[in-house]
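Notes follow once the structure below has been shown.
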Amino acid sequence: MTPQPRKPIIAVYPGSFDPVTNGHLDLIERGAQIFDQLIVAIARNLEKDPLFAVKERVEMLEAVTFELKNVEVAVFDGLLMNFAREQDACVILRGIRAVSDYEYELQMAMMNRKIEPQIETVFMLPGEAYSYLSSRLVKELARLGGPVKGLVPPIVEERLRAKVGVS
């Protein structure tokens, strides 16, 4: 009996990525080593007031993931599970920094499982250096003129400084 070829494992890493941080990039790089294809999916969230337009977030993510050949950047609206199904994904990748993240992410993962039982959620912990890092904190720090070097990739740092008008 000839073994059946293995179906590629496609994962979706959703988020607002406003802006992409080194913590996000850490998970993207490690996820790209685990999954055959990783789709970094920017959610168009009308409830949030983003600093960067979706197009800018796509450009920054594409720039910082350019060398990762199995990583693709996409944008989605609506239910994550619908998007994941459309992409033929079988995994949702999520990062967890703290217990507060876990409680929220567990609730979302259980609801996603209810909607689409065939798609698994995989939680990854960020590297220790990024365990405190969030886009919200980076934006706040930048707006107040604080140092963001080392928290975001250099191209993101440049765009962040230009956007908030602080050098």
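Details
- Scattering profile of segment 10-131 at q = 0.15 Å⁻¹ [log10 I(q)/I(0), Debye over alpha-carbon scatterers]: -0.66
- Qualifying trypsin sites (Lys or Arg not before Pro) in segment 17-58, where qualification requires a DSSP coil assignment and no more than 16 other C-beta atoms within 10 Å, comprise 44, 48.
- Restriction of the GluC sites (Glu not before Pro) in segment 89-167 to DSSP coil positions whose beta-carbon has at most 16 other beta-carbons within 10 angstrom yields no sites.
- Top of 54, 156, 40 by mean-square fluctuation, Gaussian network on the chain, Cα under 10 Å: 54
- A crude spin-label estimate for the pair residue 137 and residue 98, with each label 7 Å from Cα along the Cβ direction, gives 0.7 nm.
- Our estimate of slack between residue 34 and residue 48, defined as 0.36 nm per intervening residue step minus the Cα-Cα distance, is 2.0 nm.
Read-outs throughout are calculated quantities, based only on the coordinates presented, and are distinct from any laboratory measurement. The shown structure was predicted, so the numbers you read here are calculated from the model rather than taken from an experiment. We place every Cβ from the backbone using ideal geometry, glycine too, and count neighbours over all the protein chains shown.
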